[in-house]
Amino acid sequence: MFSLIGTIIVGLIVGLIARAVKPGDDKLGFIMTAILGIAGSFGASFIGQKMGWYAPGAAAGWIASVVGAVVLLVIYGLVSKK
């Protein structure tokens, strides 16, 4: 249970970091930034566990979470331009 809460808290922070790292002007609010950050953190945790980088129940590393969130921001930017 604490790993889920930890992943969500990391995701909130990671979403803000990813917006700062990714160039360009994103018209996202705080809620959407938090959701993309949490999704990036969950994705990094899932992929890291499947690759054997993280133990089950461990929160993903900061760098992997930021990379996951930036990837989601790029995909969101491509999809939302239509």
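Of all residues in region 15-27, those that are over 14 Å from the mean Cα position of the chain (by Cα) and without any contact (Cβ under 8 Å) to a residue 12 or more places away in the chain total 3.
Annotation note: of G61, G48, the sole residue that is at pLDDT below 75 and open to solvent by less than 40 Å² (accessible area, probe 1.4 Å) is G61.
Within region 22-34, the set of residues being within 17 Å of L78 (Cα to Cα), open to solvent by 30 Å² or more (accessible area, probe 1.4 Å) and in a helix (DSSP H, G or I) comprises M32 only.
The values are calculated or read from the model by the stated rules, or taken from the named source; none is laboratory data. Quick caveat, the model's predicted, so the values are computed rather than measured. Glycine gets a Cβ as well: all are built from the backbone with ideal geometry, and neighbour counts include every protein chain shown. Accessible surface areas use protein heavy atoms only, side chains included; no ligands, DNA or RNA. Shrake-Rupley method; radii C 1.70, N 1.55, O 1.52, S 1.80 Å.
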